[in-house]
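**Q** Submitted below is the structure of interest, expressed as structure tokens.
The values are calculated or read from the model by the stated rules, or taken from the named source; none is laboratory data. If you're wondering where the values come from, they're calculated on a predicted model, not measured in any experiment. Backbone-built Cβ (ideal geometry, glycine too); neighbour counts: all protein chains shown.
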């Protein structure tokens with residue numbers, strides 16, 4: 001009975017492992033675009049900005065004024081009773097076309113600004129998801145290395161223990177083997193913890209309804225992605241930060257134009273009828289504000305200052321962006337060179353040294369200490385290689401964020 005229950009439990013456990021949902025990087029990005037709450041907030045702001053265009057295009061409602069009161073005939077008539085008079089006035093405010101155009105331009109600029117904020121936020125969110133995704137893949141590779149070394153060290157430790165027991169090896173060799181085994185187990189546990197933490201962070205970025213347990217499908221990008229500094233600098237105008245400042249400057253410029261036009265914003269058409277007891281009169285007229293005392297100098301000056309400030313911010317941000325791109329590009333070059341150094345020979349050399357040390361140890365030509373040192377060196381070289389590979393990826397992702405580009409999209 002126990003055997004049957006054990007088999008059933010093992011089968012259920014195996015099925016649960018194999019049934020874990022698996023996601024690619026693109027899957028995570030698509031889910032985040034649909035379900036991340038911050039994007040819902042930005043979508044609402046975009047909808048509000050679009051509604052402001054409708055507001056800017058709307059006409060003022062007409063106004064109607066009614067009045068009545070007692071009155072008498074102009075010609076005395078003792079037989080006539082006192083009557084009431086009444087008056088009706090209809091007014092329709094109208095804006096000049098240039099004022100309506102300026103208001104609509106402001107509203108449309110706000111739509112562009114809201115779209116630029118959404119774009120910048122989505123790029124930043126995608127960058128964080130990509131970093132977490134590749135961090136998980138890197139630590140999974142580190143875990144494989146640590147577990148492989150741990151299993152190999154277990155076998156070595158058993159052999160060393162046997163040799164120590166029969167007196168063929170000194171006691172310190174067993175202590176050294178135990179120390180290396182503990183280090184390998186510590187690396188494996190640390191990698192598991194980093195994988196767990198990265199997945200928790202990744203789940204928080206993607207969606208609140210994301211499953212607690214999941215697997216990722218993907219590989220680290222290749223190390224032969226070639227970028228050119230001059231070509232990257234030509235793409236500066238596509239930067240999300242510059243787009244956002246440019247959209248703000250457009251709003252300020254249109255606000256400045258509107259303040260100038262509001263000196264004389266429009267007119268009001270009037271039509272009315274007055275009924276006295278013995279006479280009816282009709283009135284038609286136009287009322288226009290006369291800018292004598294207030295010509296909106298304060299509002300115009302304030303709007304002009306805001307516009308100049310945003311123009312200066314754009315120039316300053318453009319200079320800062322050039323510096324940031326140059327710094328990110330140098331980090332990319334350094335990281336790529338380190339990765340190529342590992343791939344062009346250092347990894348193979350460390351592996352070759354390990355194989356030589358292993359063969360020499362098996363044939364009794366060298367001691368266990370030299371073999372363990374070679375194995376530890378090989379483990380460290382592989383870990384350093386993965387760390388350099390991650391730094392290389394992060395440098396490219398930073399360039400993606402600065403310029404709003406998808407450099408890695410077609411490289412995987």
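**Q** Taking the stretch 167-192, which residues are in a helix (DSSP H, G or I), without any contact (Cβ under 8 Å) to a residue 40 or more places away in the chain, in contact with a helix residue (DSSP H, G or I) (Cβ under 8 Å, 6 or more places away or on another chain) and farther than 20 Å from residue 382 by Cβ?
**A** 171, 174, 178
**Q** Turning to a different aspect of this structure: Can residue 271 be described as crowded, with 19+ Cβ neighbours inside 10 Å and at pLDDT 90 or above?
**A** Taking the combined requirement at face value, the residue does not satisfy it.
**Q** Also, I was wondering about something else. Can you pull out every residue in the stretch 198-218 that is surrounded by 10 or more Cβ atoms within 10 Å (Cβ to Cβ) and part of a loop (DSSP other than H, G, I, E, B)?
**A** Within the stretch 198-218, 207, 210, 211, 213, 214, 217, 218 qualify.
One line per residue, one yes/no per condition, for (1) within 26 Å of residue 121 (Cβ to Cβ); (2) free of Cβ contacts under 8 Å to residues at least 12 places away in the same chain:
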{"residue": "194", "(1), (2)": "no, no"}
{"residue": "199", "(1), (2)": "yes, no"}
{"residue": "205", "(1), (2)": "yes, no"}
{"residue": "230", "(1), (2)": "no, yes"}
{"residue": "235", "(1), (2)": "yes, no"}
{"residue": "239", "(1), (2)": "yes, no"}
{"residue": "245", "(1), (2)": "yes, no"}
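**Q** Any chance you could count how many residues in the stretch 219-228 are within 21 Å of residue 321 (Cβ to Cβ) and either within 22 Å of the chain's Cα centre (by Cα) or surrounded by fewer than 14 Cβ atoms within 10 Å (Cβ to Cβ) (or both)?
**A** Here the count works out to 1.
**Q** Do the conditions hold for residue 106, that is, is it under 19 Å from residue 29 (Cα atoms) and surrounded by 19 or more Cβ atoms within 10 Å (Cβ to Cβ)?
**A** No; evaluated as a whole, the condition is false for this residue.
So that you can scan it fast, the table gives a plain yes or no per residue for (1) more than 17 Å from residue 280 (Cβ to Cβ); (2) assigned to a loop (DSSP other than H, G, I, E, B); (3) modelled with pLDDT of 90 or more:
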residue: 50; (1), (2), (3): yes, no, yes
residue: 54; (1), (2), (3): yes, no, yes
residue: 68; (1), (2), (3): no, no, no
residue: 74; (1), (2), (3): no, yes, no
residue: 78; (1), (2), (3): yes, yes, no
residue: 81; (1), (2), (3): yes, yes, no
residue: 84; (1), (2), (3): no, no, no
residue: 89; (1), (2), (3): no, no, yes
residue: 92; (1), (2), (3): yes, no, yes
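**Q** Part of a strand (DSSP E or B), over 21 Å from residue 148 (Cα atoms) and in contact (Cβ under 8 Å) with a residue 24 or more places away in the chain, is that true of residue 264?
**A** Working: part of a strand (DSSP E or B): no; over 21 Å from residue 148 (Cα atoms): yes; in contact (Cβ under 8 Å) with a residue 24 or more places away in the chain: yes.
In short, no.
**Q** Still on this structure: Among the candidates 232, 242, which residue alone is surrounded by 16 or more Cβ atoms within 10 Å (Cβ to Cβ), at pLDDT 90 or above and either touching a helix residue (DSSP H, G or I) at 6+ places or on another chain (Cβ under 9 Å) or outside any helix (DSSP H, G or I) (or both)?
**A** On the way: 232 fails: at pLDDT 90 or above.
Criteria check complete, one pass: 242.
**Q** Report yes if residue 255 is modelled with pLDDT of 85 or more, closer than 30 Å to residue 120 by Cα and assigned to a helix (DSSP H, G or I), otherwise no. Explain how you work it out, then say what you get.
**A** Details: modelled with pLDDT of 85 or more: yes; closer than 30 Å to residue 120 by Cα: yes; assigned to a helix (DSSP H, G or I): yes.
So residue 255 fits the description; yes.
**Q** Just checking, does the stretch 135-148 include any residue being assigned to a helix (DSSP H, G or I), within 30 Å of residue 387 (Cβ to Cβ) and in contact with a strand residue (DSSP E or B) (Cβ under 7 Å, 6 or more places away or on another chain)?
**A** Yes, there is a match, as at least one residue in the stretch 135-148 is assigned to a helix (DSSP H, G or I), within 30 Å of residue 387 (Cβ to Cβ) and in contact with a strand residue (DSSP E or B) (Cβ under 7 Å, 6 or more places away or on another chain).
**Q** Checking the structure you have, find out if any residue of the stretch 274-284 is in a helix (DSSP H, G or I) and out of contact with any strand residue (DSSP E or B) (no Cβ under 7 Å at 6 or more places or on another chain).
**A** Within the stretch 274-284 (the criterion being in a helix (DSSP H, G or I) and out of contact with any strand residue (DSSP E or B) (no Cβ under 7 Å at 6 or more places or on another chain)), the answer is no, since none of the residues qualifies.
**Q** Here's a follow-up. If a residue counts only when it is in contact with a helix residue (DSSP H, G or I) (Cβ under 9 Å, 6 or more places away or on another chain), modelled with pLDDT of 90 or more and surrounded by 17 or more Cβ atoms within 10 Å (Cβ to Cβ), which helices (runs of 4 or more DSSP H) contained entirely in the stretch 295-412 have at least 1 such residues? Let's see the steps before the verdict.
**A** Numbers: elements: 297-341, 347-362, 368-403.
Here the list reads 297-341, 368-403.
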